Amino acid sequence: MKFKNKTIEELEVMSFDDLAYEILKEKGKKMKTADIFKIICEILNLSESEFEAQIADFFTLLATEKRFIQLEKGFWDLRENHTAKIELEEVEDEEEEILEETEETEESEEDDLYLDETKDADDDDTEDDLKDLVVLDEENEVDL
């Protein structure tokens with residue numbers, strides 16, 4: 001253990017969270033709260049009554065310290081061991097899909113705009129068709 005290379009004075013000035021970090025880093029695996037704290041108690045020569053008196057505070061320390069992550073069944077590990085791994089290809093595929101959807105939406109909007117313009121053009125033709133019409137009432141009937 002790396003702690004054997006340090007003097008008791010050096011270890012005593014280290015905080016519990018720093019000691020826990022070093023323990024988890026060295027072990028390289030997840031551990032339970034009590035197991036981590038037992039190692040700390042052994043390193044610092046703390047008694048069983050001190051263990052029992054401080055285990056709850058140690059748990060709170062782990063829970064509030066951002067370097068640690070709580071796993072299922074009471075295990076703890078270093079957060080750096082559980083970072084999200086995103087495949088670059090997946091991100092690129094998602095970006096391409098979004099781009100294609102955007103292009104399709106823009107094309108649809110352009111088609112709608114074209115249809116609106118042709119409707120307006122047709123409306124103008126209808127008015128031109130009606131300009132030659134004459135409204136006759138019954139008195140002014142014309143025989144054809």
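Structure summary
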| read-out | value |
| --- | --- |
| LEU62 being under 30 Å from PHE16 (Cα atoms), at pLDDT 90 or above, of a type in the set (A, V, I, L, M, F, W, C) and touching a Phe, Trp or Tyr at 6+ places or on another chain (Cβ under 9 Å) | yes |
| Top-ranked residue of the range 16-56 - restricted to ones that are more than 16 Å from LEU78 (Cα to Cα) and hydroxyl-bearing (Ser, Thr, Tyr), ranked as most open to solvent (accessible area, probe 1.4 Å) | SER49 |
| Test: residue in the range 40-49 that is touching a Lys or Arg at 6+ places or on another chain (Cβ under 7 Å) and in a helix (DSSP H, G or I) | no |
| Close pairs from the range 52-78: first free of Cβ contacts under 8 Å to residues at least 40 places away in the same chain, partner part of a helix (DSSP H, G or I) and open to solvent by 70 Å² or more (accessible area, probe 1.4 Å), Cβ under 6 Å, at least 6 apart | ILE69/ARG79; ILE69/HIS82 |
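The values are calculated or read from the model by the stated rules, or taken from the named source; none is laboratory data. Computed from a prediction, not measured in an experiment: that's the story for all the values here. Here Cβ is always computed from backbone atoms with ideal geometry, including for glycine, and neighbour counts include all displayed protein chains. Ligands, DNA and RNA are stripped out before the accessible areas are found, and what is left, the full protein with its side chains, is counted by its heavy atoms. Shrake-Rupley method; radii C 1.70, N 1.55, O 1.52, S 1.80 Å.
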